[in-house]
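Have a look at the structure below before the remarks.
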Amino acid sequence: MEIRVGDALEQLAKLEEEGAAPFDLVFIDADKPNNPAYLKWALRLSRPGTIIIGDNVIRRGEIMNEASTDPRVNGVREFYDLLAEEARISATAIQTVGSKGYDGFVLGVVNG
């Protein structure tokens, strides 16, 4: 196991430069404004069958608020748009309810 510390987008670029093997599982749960960039990297560093999970993507329903100026909400909304446009991944969003209220996650499988 290897732990890398630093800016995630820089570390992902380094992994690609180093020729890292494709990931089997990607869990995206960082700064929401960068979720679209993380998804693009996840797809670049994946293979058919890779599971991609995006956490906290319901945002207490705020993603439905088209007037939102919250960069976290807009990042998640763009993340959804990319998922909808990307033919290489099949995904679904699942709402959850817990001690923090309600939120949810996206579960996707890379097709090819």
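Given N residues in the stretch 9-54, what is its alpha carbon radius of gyration divided by 2.2 N^0.38 Å? The partial results should precede the final answer.
Details: Rg = 10.1 Å, N = 46, 2.2 N^0.38 = 9.4 Å.
Compactness ratio reported: 1.08.
Using a Gaussian network model of the chain with C-alpha springs under 10 Å, which one of 45, 25, 15 is most mobile by mean-square fluctuation? Highest fluctuation of the listed residues: 15.
For the stretch 6-112, the list of GluC sites (Glu not before Pro) that fall in a loop by DSSP and count at most 11 other C-beta atoms within 10 angstrom reads 18, 66.
A cut-off under 11 angstrom between Cβ atoms defines the neighbours of residue 75, and their net charge, with Lys, Arg +1 and Asp, Glu -1, is 0.
To the nearest whole percent, what portion of all C-alpha pairs in the stretch 31-112 is separated by more than 20 angstrom?
Working: 1002 of 3321 pairs.
In whole percent, the share of Cα-Cα pairs in the stretch 31-112 beyond 20 Å is 30.
Hey, which lysines would be in cross-link range of residue 40, C-alpha to C-alpha under 23 Å, not counting anything within fewer than 8 residues on its own chain? By straight Cα distance, residue 40 reaches 14, 32.
Per DSSP helix of 4 or more residues, -39500 (n - 2.57); summed, then divided by the residues of the chain. What does that give at 222 nm, rounded to the nearest 500?
Values: 3 runs with 35 residues, N = 112.
Mean residue ellipticity, 222 nm, calculated: -9500 deg cm²/dmol.
Rule-based calculations on the coordinates, nothing more; no lab input. Owing to the predicted nature of the structure, the values given are computational and were not obtained by experimental measurement. Neighbour counts run over all protein chains shown; Cβ positions are idealised from the backbone, glycine included.
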